[in-house]
Each structure stands twice: as C-alpha cells, then as structure tokens.
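Undergrad: Sending over a structure as structure tokens; questions will come in a sec.
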Amino acid sequence: MDTKLFISAITKFLLGFILVALLIFLPAGTIYFPNGWLFIGILFIPMFFAGIVMLIKSPELLKKRLDAKEKHSKQSIIIKLSGLMFIAGFIIAGLGYRFSWYTVPNYIVIGASVIFIVSYIIYAEVLRENAYLSRTIKVQENQKVINTGLYGIVRHPMYFATVLLFLSIPLILGSVYSFLIFLIYPFIIAKRIKYEEAFLEKELVGYIEYKRKVKYRMIPFIW
C-alpha cells in the first residue's frame with residue numbers, strides 16, 4: 001500500500017467531512033438536523049469504501065481524483081464558482097432548518113436520496129470504465145478515447161452523474177431555497193463541457209471522430 005497516498009486520501013476525506021458538517025450544522029444552530037446527517041451518511045460512507053477500493057485496486061486513479069489543481073484559468077474560475085455555490089447552498093439549507101423556512105415533504109427527501117445513490121453508482125461505473133478520468137482538464141500520456149459502455153451513449157456520463165448528484169443534495173437537505181442555488185450547476189457544467197471538448201478536439205487523437213459517433217453530450221436525444 002502507498003502510505004503517502006493513503007495519508008493524503010484520509011486527510012482530504014476528514015477535511016471534507018469536517019467542512020461539510022460545519023457548513024450544514026453551524027447555520028442550523030444544532031447537530032440535531034436529521035436531513036443533514038442523512039446527507040452526510042449517504043455521501044461519506046460510500047465515498048470511504050470507494051476510496052479504499054481505489055487505493056487497493058487502482059491507486060493511480062485515486063491520485064488523479066485527489067488532484068484538483070486546475071491549470072486552465074477559465075476552468076479555475078468555473079471551479080471557484082462551483083465552490084461558492086456549494087458553500088451558499090449548504091449554509092442556506094442549514095439556515096432553512098434553523099428558521100423553519102419552507103421545506104420539501106419527506107417523500108421528496110426519500111426520492112432525492114434514491115436518486116443520489118443511483119447517481120453514485122453511475123459515477124462509480126464511469127470510474128471503472130475510464131481509467132483516464134481526472135478532476136482537471138488534461139490529456140495524459142498514451143490516453144485513448146473511451147467509446148464503450150456509458151461512453152457509447154453520451155460523451156460525458158460523469159458530468160451527467162454529477163448533475164443528478166448535486167441537484168439531489170438540497171432536496172435531501174429539505175431546502176427549496178438551496179435547490180434554487182444548486183440550479184446554477186447545470187449551467188456551470190455546460191460551460192465546462194464546451195471548453196473541455198474544444199481542448200480535447202485539439203489534444204486527443206480520435207476525439208473528433210468520437211463526437212461524430214456519439215452525438216449527445218449528457219442527455220440522450222436532448223443535449
């Protein structure tokens with residue numbers, strides 16, 4: 001086992017857990033926020049086990065997932081906007097619980113939780129199919145176009161999964177107002193995809209042909 005990678009992964013996992021907990025429970029004014037614990041549970045428990053599997057079976061992929069240093073200035077701005085969206089969304093959800101703002105019914109919370117878990121499974125499948133996945137936009141040595149599995153249906157199945165994941169988060173937290181904030185995310189992703197595809201057309205051999213074969217970016221027959 002790569003000890004340095006293990007320490008890096010555990011450190012980022014714990015920091016992420018603490019940050020999310022603070023952003024949710026401090027505005028809520030209490031740790032007795034059931035929706036907050038529900039979200040933390042379905043986010044971090046699968047994340048922990050997925051990290052262990054990657055550490056054992058695919059440490060290189062785990063390294064790529066931990067690398068969040070975007071070198072492209074335009075994309076760096078998009079990532080920062082996403083970060084602000086998350087911070088604002090979590091804070092508003094916590095404040096909503098604290099001050100009893102309009103919340104969604106329990107059946108929507110349950111439905112959103114199911115969508116979140118299914119999206120997590122789709123995300124895991126994308127990771128299994130594409131060993132070149134990185135959190136930053138770049139072309140790796142000997143990288144090839146992946147055109148099978150989910151990549152044979154849409155060109156960006158990972159982004160499709162993240163949109164479902166992120167739009168379900170505020171509903172799990174029970175906040176309508178937080179959901180309105182998270183609606184920014186699909187527009188952020190659309191801009192990132194546009195830039196990423198222009199980059200891949202220039203840098204990745206075969207990507208233009210792949211675009212001709214798989215016509216839809218994220219949603220079959222729509223976009």
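The values are calculated or read from the model by the stated rules, or taken from the named source; none is laboratory data. The structure displayed is predicted, hence computed values, not measured ones. Note that each Cβ is placed from the backbone with ideal geometry, even for glycine, and that neighbours are counted across all protein chains shown.
Undergrad: Could you please find all residues in segment 10-69 being free of Cβ contacts under 8 Å to residues at least 12 places away in the same chain, outside any helix (DSSP H, G or I) and aliphatic (A, V, I, L, M)?
TA: Within segment 10-69, just Ile31 meets the criteria.
Undergrad: Next up: Scan segment 67-88 for residues that are modelled with pLDDT under 70 and surrounded by 17 or more Cβ atoms within 10 Å (Cβ to Cβ) and jot them down.
TA: Glu70, Gln75
Here is a yes/no grid of residues against (1) modelled with pLDDT of 90 or more; (2) surrounded by fewer than 17 Cβ atoms within 10 Å (Cβ to Cβ):
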site: Leu180; (1), (2): yes, yes
site: Leu183; (1), (2): yes, yes
site: Glu196; (1), (2): no, no
site: Leu200; (1), (2): no, no
site: Gly206; (1), (2): no, yes
site: Arg212; (1), (2): no, yes
site: Met218; (1), (2): no, no
site: Ile222; (1), (2): no, yes
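Residue-wise test of (1) in a loop (DSSP other than H, G, I, E, B); (2) touching a residue at least 40 places away in the same chain (Cβ under 8 Å); (3) closer than 30 Å to Leu55 by Cα.
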position	(1), (2), (3)
Leu127	no, yes, yes
Ala131	yes, yes, yes
Phe160	no, yes, yes
Ser178	no, yes, no
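Undergrad: Here's another thing I want to ask about it. Going by what's in this entry, would Phe187 be described as exposed (fewer than 12 other Cβ atoms within 10 Å of the Cβ) and either hydrophobic (A, V, I, L, M, F, W, C) or farther than 30 Å from Ile92 by Cβ (or both)?
TA: Judged against the criteria, Phe187 is a match.
Undergrad: Go through (1) under 27 Å from Ala28 (Cβ atoms); (2) outside any helix (DSSP H, G or I) and name the single condition Val154 misses.
TA: Of (1) under 27 Å from Ala28 (Cβ atoms); (2) outside any helix (DSSP H, G or I), only one is false for Val154: (1).
Undergrad: Kindly list the number of the only condition in (1) over 20 Å from the mean Cα position of the chain (by Cα); (2) closer than 24 Å to Thr103 by Cβ that fails for Leu5.
TA: (2)
Undergrad: For segment 189-223, name all the residues that are part of a loop (DSSP other than H, G, I, E, B) and in contact with a His (Cβ under 8 Å, 6 or more places away or on another chain).
TA: If the condition is that a residue be part of a loop (DSSP other than H, G, I, E, B) and in contact with a His (Cβ under 8 Å, 6 or more places away or on another chain), then Arg217, Met218 are the ones that fit.
Undergrad: Do you know which residues across segment 166-176 are within 18 Å of Leu84 (Cβ to Cβ) and either part of a helix (DSSP H, G or I) or of a type in the set (S, T, N, Q) (or both)?
TA: Of everything in segment 166-176, those that are within 18 Å of Leu84 (Cβ to Cβ) and either part of a helix (DSSP H, G or I) or of a type in the set (S, T, N, Q) (or both) turn out to be Phe166, Leu167, Ile169, Pro170, Ser175.
Undergrad: Same structure, new question: Against the conditions (1) touching a residue at least 40 places away in the same chain (Cβ under 8 Å); (2) under 18 Å from the mean Cα position of the chain (by Cα), where does Leu200 fall short? Just the number, please.
TA: Unmet condition: (2).
Undergrad: Within segment 133-147, can one find any residue that is in a helix (DSSP H, G or I) and over 13 Å from the mean Cα position of the chain (by Cα)?
TA: no
Undergrad: Continuing with the same structure: Specify the residue that is nearest to Phe166 (Cα to Cα); the eligible residues are those in segment 89-110 that are in contact (Cβ under 8 Å) with a residue 24 or more places away in the chain and small (Gly, Ala, Ser).
TA: It comes out as Gly89.
Undergrad: Which condition breaks for Ile91 when tested against (1) modelled with pLDDT under 95; (2) within 21 Å of the chain's Cα centre (by Cα); (3) buried (at least 17 other Cβ atoms within 10 Å of the Cβ); (4) not charged (D, E, K, R)?
TA: (1)
Residues checked against (1) over 25 Å from Arg217 (Cα atoms); (2) aromatic (Phe, Trp, Tyr):
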site	(1), (2)
Ile79	no, no
Gly94	yes, no
Phe99	yes, yes
Gly111	yes, no
Phe160	no, yes
Leu180	no, no
Ile184	no, no
